[in-house]
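Shown next, in structure tokens, is the structure this report addresses.
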Amino acid sequence: MPDQLECFLDESVIQNRVREMALQIREDYGNAHLVLIGVLKGSLFFLADLSRHLGLEVSMDFIQVSSYGMEKSSSGVVQIRKDLDQNIEGKHVLIVEDIVDTGLTLDHLKSLLATRSPKSLKVVSLLSKPEARKFETLVDYLGFEIPNKFVVGYGLDYAERYRNLPYIAILHESA
Ligand code: IMP
């Protein structure tokens, strides 16, 4: 039996919220040059949409970490798979995350990037599952709080599938 997808956030709901978040970020940063750091691969579409709504001068860089492998729960160990290309010292940095689940990844990323002396370091995440949190970590801009369910689409995958769905769905696995 194929996996069952239950639409949870449709395309227009996501797009409206991303636009609102971009407006707020723009107000907060004024004319400052911002370095957006996309956390690969899940933040792919969120970063693309958010950055186009920002209307600020931004640069983009990417970091790839792994704590999940091909599983639906975290291994508890964060590995850097791809580091940044640029030096972020003295720059305004905004980490762009797809989802904060246990908080392990973000906690680790923030500590790592803070050692590189950015001028400021903030986080924007499209989704958060507060019930799953094990590591308290601050998200400065949040799109949606969602229940503790596994979701896919709009960049989020399960074993590399479903990233290109334009909406976010709860994944009910086949028996
Ligand atoms: P954390 O370290 O437990 O907070 O997990 C963060 C990372 O796990 C995210 O950046 C995602 O890549 C992945 N993740 C957590 N929950 C989900 C989900 O519901 N669907 C897809 N990926 C998820």
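Where a number appears in this text, it was derived from the coordinates with a stated rule and is not lab data. Fair warning: this is a prediction, and the values are worked out from it, not measured in the lab. Positions of Cβ are generated from backbone atoms using ideal geometry, with glycine treated the same way; all protein chains shown enter the neighbour counts.
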Acute angle (nearest 10 degrees) that the helix 104-114 long axis makes with the longest principal axis of the chain, alpha-carbon atoms
10
Qualifying GluC sites (Glu not before Pro) in segment 1-57, DSSP loop, other Cβ atoms within 10 Å at most 11
Glu57
A student applying the Cα gyration tensor rule (rounded when a/c is under 1.5; otherwise prolate if a/b is larger than b/c, oblate if not) would label segment 86-175 prolate
Residues in segment 153-175 that a label on Gln4 would reach, taking backbone N under 13 Å of a point 7 Å out along Cα→Cβ
170-175
Once fully extended, how much extra length lies between Arg26 and Gln86, figured as 0.36 nm per residue of separation less the alpha-carbon to alpha-carbon distance?
19.3 nm
What list do you get for Ser120, Ser125 if you sort them by fewest beta carbons within 10 Å?
Ser120, Ser125
Looking at the chain, what % of its DSSP beta bridges pair antiparallel, to the nearest 5?
35
Hey, can you grab everything whose amide H is under 5 Å from the amide H of Ser120? Only 5+ residues off in sequence or another chain; H modelled, so Pro and N-termini drop out.
Lys91, His92, Val93
Looking at the chain, how many pairs of lysines come closer than 25 Å at the Cα, when each pair is eight or more places apart or spans two chains?
29
Ellipsoid equivalent to segment 11-146 - semi-axes via the Cα gyration tensor, in Å:
22, 19, 13
